[in-house]
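What follows is a short report on a single structure.
The values are calculated or read from the model by the stated rules, or taken from the named source; none is laboratory data. Owing to the predicted nature of the structure, the values given are computational and were not obtained by experimental measurement. Cβ: placed from backbone, ideal geometry, glycine included. Neighbour counts: every protein chain shown. Keep in mind that these areas ignore ligands, DNA and RNA; they rest on the heavy atoms of the full protein, side chains included. Shrake-Rupley method; radii C 1.70, N 1.55, O 1.52, S 1.80 Å.
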Amino acid sequence: MIVSEKFYVSTIEKILDHSTGNVAEDFYHHFKASQMGEIGITVSTFWMVPKYQTIASSKAASRALDFAFGW
């Protein structure tokens with residue numbers, strides 16, 4: 001597994017742990033009343049384009065998109 005794949009896998013595991021684990025249950029039972037909060041999700045979107053019309057800049061933009069959306 002290459003380094004970027006490890007990042008994606010660890011990110012997915014964290015999301016799954018928080019969505020299926022006891023994190024939400026702990027919050028609702030122990031903290032909701034005192035913190036008066038809610039659990040939600042935030043979705044952030046953006047796009048990358050090459051800064052220059054060069055192969056290196058195009059590859060950098062492609063890597064950035066892979067990093068952001070590849071998993």
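See the values below:
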| item | result |
| --- | --- |
| The range 13-26 residues that are closer than 16 Å to G37 by Cα and of a type in the set (K, R), paired with ones that are modelled with pLDDT of 70 or more and open to solvent by 80 Å² or more (accessible area, probe 1.4 Å) (beta carbon under 7 Å, 6 or more apart) | none |
| Restricting the range 42-57 to residues that are more than 23 Å from the chain's Cα centre (by Cα) and of a type in the set (S, T, N, Q), the residue that is surrounded by the fewest Cβ atoms within 10 Å (Cβ to Cβ) | Q53 |
| Members of the range 1-52 found to be among the hydrophobic types (A, V, I, L, M, F, W, C), modelled with pLDDT under 75 and assigned to a loop (DSSP other than H, G, I, E, B), listed by number | M1, I2 |
